[in-house]
Structure formats: C-alpha cells, structure tokens
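Structure record follows, encoded as structure tokens.
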Amino acid sequence: MKSFVTKVIKSPHSITPFGGIFFINAEFNSIRLPQLIDNELGTRGNETGYSHRELLSNRFDAFFCGAIIKN
C-alpha cells in the first residue's frame, strides 16, 4: 500500500477557499462566453435587474465553489 506524505508550506500570500474562482471567471471572459450568451439569449427586461450572462456566471461560480444548486 502506498503512503502519502503531505507537505505544509507557509505562504506569504493571503489564501482563501475561493481563490480559484477568479481564474475561472477570467477563463469564462477570455473565451468570450458572456458575449455568446448575450447574443444567443438576447436581453432581459429592465425590471429584472440581471442579464442572462450575469445569471449564468453566478451559477457557474456557485457550482465551482461547491454549492448544491436546486431549482
């Protein structure tokens, strides 16, 4: 049986459990997914307050942070 050794390294940087979400958001924007979403789904009414891209981006953020999404 193989044993695993964990190394602990003291970091001078502030590390949060959501540190990777910024990378995911950067990738989401770099592949121009927000523009595709807006072009394909169109705009929502002014009374809604959020665009389709914002709603889907928030769902992705919640999913990648480990949330369980129920409708």
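The values are calculated or read from the model by the stated rules, or taken from the named source; none is laboratory data. In this text, all values refer to a predicted model and were calculated from it rather than measured experimentally. Neighbour counts are summed over all protein chains in view; Cβ atoms, including those assigned to glycine, are modelled from backbone coordinates with ideal geometry. For accessibility, only protein heavy atoms count, side chains too; no ligands or nucleic acids. Shrake-Rupley method; radii C 1.70, N 1.55, O 1.52, S 1.80 Å.
Checking every one of the trypsin sites (Lys or Arg not before Pro) in the range 20-71 against DSSP loop status and a limit of 11 other Cβ atoms within 10 Å picks out ARG32, LYS70.
Just need the Rg to Rh number for the chain, please, alpha carbons only, Kirkwood Rh. Let's see the in-between values first.
Values: Rg = 17.9 Å, Rh = 15.3 Å.
Dividing the radius of gyration by the Kirkwood radius yields 1.17.
If you roll a 1.4 angstrom probe over the protein chains with everything in place, what fraction of the accessible area of the chain belongs to carbon and sulfur, to the nearest %? The nonpolar share, carbon plus sulfur, comes to 59 percent. A Cβ-based charge dipole, computed about the Cα centre of the chain with Lys and Arg at +1 and Asp and Glu at -1, lands at about 500 debye.
Which of the chymotrypsin sites (Phe, Trp or Tyr not before Pro) found in the range 27-71 are in a DSSP loop and have at most 13 neighbouring Cβ atoms, other than their own, within 10 Å?
Numbers: sites: PHE28, TYR50, PHE60, PHE63, PHE64; in loops: TYR50.
Filter output for the range 27-71: TYR50.
Average accessible surface for the chain: 94 Å² per residue, computed with a 1.4 Å probe over protein heavy atoms with every protein chain in place. For the options SER51, SER14, SER30, a Gaussian network treatment of the chain with springs between C-alpha atoms closer than 10 Å singles out SER14 as fluctuating the most.
Applying the criteria of a DSSP loop state and at most 13 other Cβ atoms within 10 Å to the GluC sites (Glu not before Pro) of the range 21-52 yields GLU47.
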